Amino acid sequence: MTAREDRHAVIVGAGLSGLTAALRLRGAGYRVTVVERDAAPGGLVRTETLADGPLYDTGATVLTMPELIVESLGEVGIPADDAWRRLDLVPVDPTYVATFADGSELTLPRGAEAIEAEIAARLGDREAAGTRQLFGWLQRLYDAEFGTFIDRNFHRPGDLADRRTLTDAATLIRLGGLASMSSKVSSFLSDERLQRLFTFQALYAGVPPQRAAAIYEVIAQMDIGRGLSHPRGGIGRVGAVLAEALVEAGGVLRLSTAVSRIVTDGGAVSGVVAGGEFIAADAVVATIAPPTVATLLGRRMPRGPRWRRVRYSPSAVVVHGTVPRSVTETWPGHHHTLSFGAAWAETFEDLTRRPGRLMRDPSFLITRPAFSDPAGYTADGASGQVEAVSVLAPCPNLDTANLAWEAITGPYVAECLRTLDGRGFAGIAHRLDIARVDTPHTWAEAGLPAGTPFGAAHTLTQTGPLRTPNKWPSLPNLLLAGSATIPGVGIPPVLLSGRLAAARVLESWDRR
Ligand SMILES: Cc1cc2nc3c(=O)[nH]c(=O)nc-3n(C[C@H](O)[C@H](O)[C@H](O)COP(=O)(O)OP(=O)(O)OC[C@H]3O[C@@H](n4cnc5c(N)ncnc54)[C@H](O)[C@@H]3O)c2cc1C
């Protein structure tokens, strides 16, 4: 055993944050065990198989910044070209197609230049010039935010006043980062439909674009600006690829094993109880919700301003099933289609205010991965070829609305599908063979607070260094990773959060 292998880190959860934490620690030469209660790695980034054949993605569908996955594979010595080969990504083009209440449609092809050309052709040179300026602004915003406020551990209050932080904060203020998202985007774009396409990402931040700070436009830079990819064989392959690399590098992955306790000894964590067995650990990285961590510790939640009651993002109802291709061939859209209602500000109000309510004039994300990966997401059914179709309808979380989901799910799903049927998705109401419906109760049963998979909202007081920290107070070798902590929600932030938690472990071990 090398000097390094005598230290052991246990990671609770094999979602993407847990796997990137594990890869960094294993890459540094330490022993690593990832304990996952499910039978497969990947957490909320998952692909399953429908009864009649095709694959379907049950969690995340929009994959941005895959280079972060490649970097994580590099931690255990996998060269970049091998990493890209393992991921086997298909570029998703167009990035989004959007349909609007007036019957019009806008397409955002892959890449800034193609988008500008499309907008010039559809909306004229002035709007195309505004789009070019918006992309330039987004890039500057990204450059000032990423290394300083997103991919970074803050160690002490003084870090907030160091030269780099002050310089980049000044740049963000100069760029209008604290103005509202809508006012900033509308200063570049005058077409209201285009404005929606560059601000709907505020939904992931859990704040209406009229109130969300413009710094969150960085999400639009990550998806529209940089383009989307799809791993052939399903987005769930991301977790499988990361897990395989960990095991190849000598890490241990224990699937179908739930952690039932995090054990402390004096002022530190000494291990976990998993599947009834004690596993000793010199550090534990927990990728689960902080209230669950407190329960596993048998302690109260920590006190302090950054541990106060969290405001959570809205949740979603997601319907998965198959539709005959003879029906879908007349539909608008592509792999990721946004179907907007006429309402916009009201939709965000419905989803985020207290009490919240179901969207009165709903907007949906319709996902049809067969466009990018026909072999995986289609199958021959009794009524000819079918394809996997998923419909995501944002909804209030369980904190903001006490809705009787057992009673309303069926009628609400039927209503959503009827609405889509009338918006050009003819036949969806009757021909979607529903295989699964997820509601806020699904996420709550999985242990996600407020029944939302989108974690803590990115309000200004829950953002960057103000978000729930990744270090558990009073237990220096217990770290957090995942969407509850820094830097945020979604695939790129949780990949970073695993690395940041691992960096904290390494700092303390390498110091000793
Ligand atoms: C419907 C939906 C759509 C989404 N769309 C997108 C999208 O398009 N793009 C995007 O970037 N993001 C999207 N997201 C969000 C994204 O999937 C998540 O932010 C991210 O995957 C969370 O990763 P994580 O590692 O923090 O947590 P998780 O993936 O939740 O991983 C935590 C793991 O811990 C395990 N676990 C829990 N308790 C225990 C225990 N006691 N013992 C052992 N293991 C345990 C769980 O089983 C799980 O595998 C979506 C999520 C959902 C659900």
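Among the candidates Leu172, Leu141, the residue that is out of contact with any Cys (no Cβ under 7 Å at 6 or more places or on another chain), in contact (Cβ under 8 Å) with a residue 60 or more places away in the chain, outside the structural domain of Leu338 (by TED's automatic domain parsing) and in a helix (DSSP H, G or I) is uniquely Leu141. Within region 139-167, the residues that satisfy the criterion of being acidic (Asp, Glu) and surrounded by 18 or more Cβ atoms within 10 Å (Cβ to Cβ) are Glu145, Asp151. Considering each residue of region 267-295, count those that are touching a residue at least 40 places away in the same chain (Cβ under 8 Å), within 14 Å of the ligand (Cβ to nearest atom), surrounded by 16 or more Cβ atoms within 10 Å (Cβ to Cβ) and not in a strand (DSSP E or B), and give that number. Residues that pass the stated criteria total 7. A count restricted to region 76-101 and to residues that are in contact (Cβ under 8 Å) with a residue 60 or more places away in the chain and of a type in the set (D, E, K, R) stands at 3.
To keep it simple, each residue is scored yes or no on (1) in contact with a helix residue (DSSP H, G or I) (Cβ under 9 Å, 6 or more places away or on another chain); (2) buried (at least 24 other Cβ atoms within 10 Å of the Cβ); (3) touching a residue at least 60 places away in the same chain (Cβ under 8 Å).
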{"site": "Met181", "(1), (2), (3)": "yes, yes, no"}
{"site": "Ser190", "(1), (2), (3)": "yes, no, yes"}
{"site": "Leu194", "(1), (2), (3)": "yes, yes, yes"}
{"site": "Val207", "(1), (2), (3)": "yes, yes, yes"}
{"site": "Gln210", "(1), (2), (3)": "yes, no, yes"}
{"site": "Ile215", "(1), (2), (3)": "yes, yes, yes"}
{"site": "Arg237", "(1), (2), (3)": "yes, no, yes"}
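Region 1-56 holds strands (runs of 3 or more DSSP E) entirely within its bounds, and those carrying 1 or more residues that are within 15 Å of the ligand (Cβ to nearest atom) and under 30 Å from Thr322 (Cβ atoms) map to 47-49. Inclusion of Asp350 among residues that are in the same structural domain as Pro332 (by TED's automatic domain parsing) and not in a loop (DSSP other than H, G, I, E, B) is warranted. Against the list (1) more than 12 Å from the ligand (Cβ to nearest atom); (2) modelled with pLDDT of 95 or more, the condition Leu460 fails is (2). Checked against the criterion of being under 29 Å from Leu197 (Cα atoms), within 13 Å of the ligand (Cβ to nearest atom), surrounded by fewer than 21 Cβ atoms within 10 Å (Cβ to Cβ) and not assigned by TED's automatic domain parsing to the domain that holds Leu392, region 67-79 has at least one qualifying residue.
Taking region 38-57 as the range and being modelled with pLDDT of 95 or more and of a type in the set (Val, Ile, Thr) as the test, the residues that pass are Val45, Thr47.
The values are calculated or read from the model by the stated rules, or taken from the named source; none is laboratory data. It should be emphasised that the depicted structure is a prediction, and the values quoted were computed from it without experimental measurement. For neighbour counting, all protein chains shown are included, and Cβ atoms are generated from backbone atoms with ideal geometry for every residue, glycine included.
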